[in-house]
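Novice: Supplied in structure tokens, the structure appears directly below.
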Amino acid sequence: MHAPASTSRTRNGVRRVLAALLLTLLPLTGFAEGTVGFRDDILPLFRNKPALERFVLATFEMRGAAVGIRISGAAIPGLSGARIGPYTVPVDWRDHGKPVPATLTIYTTQIFYDSHGRTLEGDLTQAVKVVEQVDSISVDPAR
């Protein structure tokens with residue numbers, strides 16, 4: 001005996017939603033945290049926002065290593081081990097008379113490229129290069 005057409009359509013709709021959800025969430029398992037150098041790796045990302053770079057350097061003293069998202073080889077084989085933003089950095093906020101411990105988060109925009117130099121969107125498994133630039137920052141004082 002066959003299910004009514006409306007039940008069959010509902011099942012197909014649920015299957016599509018589940019498939020889309022899985023395709024969206026599966027790549028997230030390929031990312032972890034990894035440290036990067038602030039001066040060597042993060043400061044060059046401010047090239048598009050020199051005023052923001054000056055503000056960050058004048059306002060915060062870096063107290064530790066910056067941490068970004070580490071790309072897993074299972075997620076994007078061509079970028080295995082690469083780090084991307086957002087980056088978090090423990091800082092002393094110097095704008096309050098005495099240093100205030102805080103966390104500086106540096107948000108970036110990434111553009112992924114394949115081996116032919118074409119930009120990629122959606123499926124990033126063929127990416128071999130990523131270019132980042134700073135988008136914005138946020139500061140969270142330690143509690």
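The values are calculated or read from the model by the stated rules, or taken from the named source; none is laboratory data. Bear in mind the structure is a predicted one, so any value in this text is a computation, not a measurement. In this analysis, Cβ positions are derived from the backbone assuming ideal geometry, glycine residues included, and neighbour counts consider all displayed protein chains.
Novice: Restricting to the range 72-93, name every residue that is among the aliphatic types (A, V, I, L, M) and under 30 Å from residue 141 (Cβ atoms).
Specialist: If the condition is that a residue be among the aliphatic types (A, V, I, L, M) and under 30 Å from residue 141 (Cβ atoms), then 84, 89, 91 are the ones that fit.
Novice: Mind checking which residues of the range 97-143 are under 25 Å from residue 47 (Cβ atoms) and of a type in the set (Lys, Arg)?
Specialist: Hits for the range 97-143 are 118, 129.
Novice: All but one of (1) farther than 22 Å from residue 53 by Cβ; (2) under 17 Å from the mean Cα position of the chain (by Cα); (3) hydrophobic (A, V, I, L, M, F, W, C) hold for residue 131, so report the exception by its number.
Specialist: Against the list (1) farther than 22 Å from residue 53 by Cβ; (2) under 17 Å from the mean Cα position of the chain (by Cα); (3) hydrophobic (A, V, I, L, M, F, W, C), residue 131 comes up short only on (1).
Okay, residues lined up against (1) closer than 23 Å to residue 123 by Cβ; (2) at pLDDT below 55; (3) hydroxyl-bearing (Ser, Thr, Tyr):
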| residue | (1), (2), (3) |
| --- | --- |
| 13 | no, yes, no |
| 24 | yes, yes, yes |
| 31 | yes, yes, no |
| 37 | no, no, no |
| 85 | yes, no, no |
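Novice: Here is a follow-up. Residue 124 versus (1) at pLDDT 95 or above; (2) more than 18 Å from residue 39 (Cβ to Cβ): which is the lone unmet condition?
Specialist: So the condition that residue 124 fails would be (1).
Novice: Right, another one. If a residue has to be surrounded by 14 or more Cβ atoms within 10 Å (Cβ to Cβ) and farther than 16 Å from residue 103 by Cα to count, how many in the range 54-63 make the cut?
Specialist: Within the range 54-63, residues that are surrounded by 14 or more Cβ atoms within 10 Å (Cβ to Cβ) and farther than 16 Å from residue 103 by Cα number 0.
Novice: Of everything in the range 85-125, what is among the acidic types (Asp, Glu) and in contact with a Ser or Thr (Cβ under 7 Å, 6 or more places away or on another chain)? Give them in sequence order.
Specialist: 95
Novice: Looking only at residues in the range 64-115 that are in contact with a Lys or Arg (Cβ under 7 Å, 6 or more places away or on another chain) and of a type in the set (Lys, Arg), which one is surrounded by the fewest Cβ atoms within 10 Å (Cβ to Cβ)?
Specialist: Result: 70.
Novice: Which of the residues belonging to the range 87-121 are at pLDDT 95 or above and aromatic (Phe, Trp, Tyr)?
Specialist: Passing the criteria: 87, 107, 112, 113.
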